[in-house]
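The values are calculated or read from the model by the stated rules, or taken from the named source; none is laboratory data. Only a predicted model underlies this, so the values are computations on that prediction, with no experimental measurement involved. Cβ: placed from backbone, ideal geometry, glycine included. Neighbour counts: every protein chain shown. Quick note on the areas: whole protein, heavy atoms, side chains included, nothing else; ligands and nucleic acids left out. Shrake-Rupley method; radii C 1.70, N 1.55, O 1.52, S 1.80 Å.
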Amino acid sequence: MDSANWRPQATSWTYNSKAFDRLDMAVWRVILTLSAVLLPTSGVVGVDASGFDRSHASKHYTKRAELTIQQLKMTLLVDAKVNAILDLHVTTTRKHDSQIAPLSIKRNPEDIDILLGDKGYDDQKIRRLARQHEVRPLIKHREFTSLHRTWNARPDTDLYGQRSQSETVNSTLKRKHGAFVRSRRWWKQFRELTIACPIHNVDRSL
């Protein structure tokens, strides 16, 4: 390829990159919501978190060089029937799952009839908030007593088993787009993960 052909492509890439940067996260959330409408969601929704490396250096190298790779934590709200991503939350902090889930519930109460979550979301505040929004929380309890074990034996096994679809979607995103982000700035990293979500929904609708 000669230089005459290369320059317009570089200009186009720069223009698209700047346009990408200008879009606010609120706009990306609207795009995500619109992409989810393309799929016949069921109201049975799972919540799950996964980590993405902020560097794509090899694990062998980072271990040998004694480097610590910081991760982004992405929490997804996923419809268990069609694997549509309804909402996401990305953070660079070690914020606990129980602090993140309420934000997703408040943003999407009309899309959730049943909320599926593992023991990381075992928090009475989450259960109370869900019920306030007429959402049934189906969340496993951490087993500190025999009563907790009894409660865990009561939920509909088949229904709770659909929670694994959230893990499936996280794995799909990593397989298609990589388990790391390429951008250097945190706000670009957030957008990089966010844009993968409506792309996933569109792919599912085709």
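The peptide list 156-167, 83-94, put in order of mean Cβ contacts within 10 Å with the highest first, becomes 83-94, 156-167. Over the stretch 73-206, accessible surface divided per residue gives 53 Å², non-protein components excluded, 1.4 Å probe. Between Lys125 and Val202, residue separation times 0.36 nm minus the direct Cα-Cα distance comes to 24.3 nm.
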